[in-house]
1. For the ranges 451-458, 511-518, what's the packing order if you count other beta-carbon atoms within 10 Å of each residue, average per peptide, and put the highest first?
2. Can you give the log10 of the normalised intensity I(q)/I(0) at q = 0.10 Å⁻¹, computed with Debye over equal Cα scatterers of region 319-458?
3. Stokes-Einstein diffusion coefficient for region 49-171 at 37 °C in a medium of 0.692 mPa s, Rh from the Kirkwood formula over Cα pairs: what value in µm²/s?
4. Return the ratio Rg/(2.2 N^0.38 Å) for region 8-117, where Rg is computed over Cα atoms only.
5. For region 202-216, in order, what is each residue's ³J(HN,Hα) by Karplus, 6.51 cos²θ - 1.76 cosθ + 1.60 with θ = phi - 60°, in whole Hz (x at glycine and Pro)?
6. Using 0.36 nm per residue of separation minus the Cα-Cα distance, give me the extension gain between ARG409 and PHE429 in nm, one decimal.
7. For SER258 and ILE513, what does the FRET efficiency come to when R0 = 41 Å and r is the distance between their Cβ atoms, rounded to the nearest 0.05?
8. Ignoring any ligand, DNA or RNA, what whole percent of the accessible area of region 130-270 comes from carbon and sulfur when the probe is 1.4 angstrom?
Amino acid sequence: MSPAQSVDPRILALAAKLTEGSAASVPILLLSLRDLLRSAASEGEALQRIREDCYGYGLVQYCVLVLKQDYSRVDGGWTTAAALAHVLSQCCVGLDPKMDAEDFHSKLLPSAALNMLVLGRRIQARCVRSVKEEESGALLRSFRLVMDSLCWLFSGHVQLVELVFGQEHFLQLLMTDDVESGTAVMSVLQAVLRANSSVLRQAPEETLHSILDELVYKLSATSNPVTGSSATRSLLQMVESSPRVLQIVATRYKGLRSLLSKQWTGKGFGRELSRLLDVLHSSSYQQEELQRLHRAACVLQAVWRGFQTRRRIRRLPGAVTSLQRSFRAKRDQEVKQLQRRKEEEALRERLRLQRLRAMRAFREKQLTLLEVVHAAQMDKHLQETQETSALIIQKRWRGCRDRRRFLLRRQSLKRYKAAVTIQRAALRFLKKRRRIRESLSPWKKPQDVSDEDRTRLQQKVAARLQLHPAQQMSLEDSKELHGKVQERLGQFLLSRKRQQRADGRREALLAQINTDLSMLMGAPSLRDATEKDVTVFTSRSVPVAHKAKQSHSTMLKRSRWPWWKRLSDEFVGDDDAFRGDLPDPEHGIIFIAGSKHP
């Protein structure tokens with residue numbers, strides 16, 4: 001079988017179409033490679049053969065070149081570009097050509113990674129600038145697909161990790177305020193470190209500083225938990241992968257530990273945050289050792305400088321001569337500067353006199369022209385001159401006034417828009433809470449019945465009574481039925497009272513157990529216990545229990561407050577708490593530790 005016959009005919013047909021088709025149709029034609037790769041995905045040998053044939057016939061090279069063009073006028077837009085990047089990564093991963101292997105590894109793969117980074121920057125810029133939600137969602141999906149394709153590419157070819165990490169395009173992708181795209185780029189950074197963590201030891205210090213500055217900036221400038229979680233994971237992976245990065249973080253960002261513990265504690269990613277804090281805490285001990293060595297070096301330097309100073313003092317007579325020489329040179333230079341300054345002032349004075357003479361000549365010329373003007377036209381000429389001057393003054397004043405008013409209006413308009421936004425959000429929240437409260441309320445307001453509905457219901461009731469008349473009972477049967485009802489009602493009331501007493505004892509026992517548990521959990525160890533702690537466990541004070549009950553009720557009341565009322569740090573006082581009389585002997589003892597039921 002010849003080599004031409006062993007090639008898949010679909011690849012040959014696609015190569016023929018590419019040679020004959022136009023430049024705009026090339027990306028659409030190359031997307032047919034996706035179906036070829038998908039059809040051979042289950043067969044390893046067939047998939048490898050298709051990859052080699054695509055590289056042999058130049059289809060992979062076509063994909064690398066096509067990624068550079070602008071897809072704003074191509075069918076499918078940037079979605080087509082993202083799909084081509086995915087196809088290119090599938091063709092390159094697992095491909096090891098026997099011919100032109102050096103060109104493949106040294107030229108084609110770096111070009112593919114670089115073009116994917118450039119394509120990601122273009123899509124990210126359009127995603128940030130887009131206003132429509134649908135367009136922004138489509139661009140974000142395309143950007144994530146390009147980043148996944150890039151991760152897949154350098155995970156199959158590890159030599160590309162250093163290239164991607166050191167590229168300026170990768171740093172510019174990371175420096176964005178958009179949450180979704182920034183999270184995707186930080187996931188690429190994590191994939192880079194997982195693929196080859198030794199890149200941190202080989203990377204230049206400026207690149208590490210730029211990436212660490214951006215991660216620390218995201219942790220300090222944003223409050224979004226998604227961005228904070230991704231930045232924390234990336235920073236943790238970097239400091240765990242390289243002691244060099246840990247040393248840079250410890251020396252360059254001294255307030256990072258307090259920032260992380262204050263701003264990001266309790267935001268949903270406490271495991272990674274605690275690990276990062278532990279790593280930074282361990283590095284602080286190394287910093288103390290470095291400081292000790294630094295102090296020792298300072299002592300050595302002080303001794304050496306003292307020795308140098310004493311030797312310099314012995315050579316002082318020779319230094320005095322040089323000092324005098326330099327002083328005289330500096331004095332001559334100051335005299336020259338003073339002379340030059342006087343010459344410049346004289347020149348400015350001559351220029352001022354020349355301007356005055358020119359102004360005087362111009363005024364004399366104006367007077368000469370006024371003498372030429374007829375006396376009857378003099379008032380008209382003066383009036384025109386005054387009107388022109390007044391118009392110029394009014395124009396300047398109105399321009400200044402309108403600019404000032406525009407600045408004031410812009411500030412007031414901005415405040416008005418902010419107030420409208422806050423009011424709209426508050427009204428929406430109150431409406432939502434009111435709807436939830438109405439849905440959970442068991443009581444429903446009775447609806448008014450119209451006269452027609454009332455008449456129709458009365459007719460139905462009358463028809464029902466005619467079809468099913470009530471049965472007549474004798475007086476003895478009625479008395480017997482009444483006695484049975486009274487007997488059952490008495491049994492029910494007796495059993496309900498017993499049940500209520502049992503429920504009260506059960507609640508009292510649970511409250512006593514909860515109180516004992518809270519006191520035991522907050523109790524000090526036996527080694528640190530004092531007599532005051534012992535009296536706490538033996539107290540029988542009813543006012544103390546009542547105060548505890550009031551505090552618990554106050555906390556429950558505050559938990560039911562709306563969100564806008566809980567924004568302030570103030571707490572409800574004693575006047576706002578649930579008030580009542582002292583508890584009765586049966587239920588008032590439930591909060592006293594160590595008591596027994598009566």
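1. Details: 451-458: 10.0, 511-518: 14.2.
Ranked by mean Cβ neighbours within 10 Å, highest first: 511-518, 451-458.
2. Once normalised to I(0) and log-transformed, intensities are -0.86.
3. Details: Rh = 14.8 Å.
After rounding, the answer is 222 µm²/s.
4. 1.01
5. Couplings: 9, 6, x, 5, 5, 5, 4, 5, 5, 5, 5, 4, 5, 5, 5 Hz.
6. 4.2 nm
7. Details: r = 40 Å, r/R0 = 0.98.
For R0 = 41 Å, the calculated efficiency reads 0.55.
8. On the way: 3240 of 6470 Å².
Here it works out to 50 percent.
The values are calculated or read from the model by the stated rules, or taken from the named source; none is laboratory data. Every value quoted in this text rests on a predicted model; they were computed, and no experiment measured them. Here Cβ is always computed from backbone atoms with ideal geometry, including for glycine, and neighbour counts include all displayed protein chains. Calculation scope for accessible area: heavy atoms of the full protein, side chains included, ligands and nucleic acids excluded. Shrake-Rupley method; radii C 1.70, N 1.55, O 1.52, S 1.80 Å.
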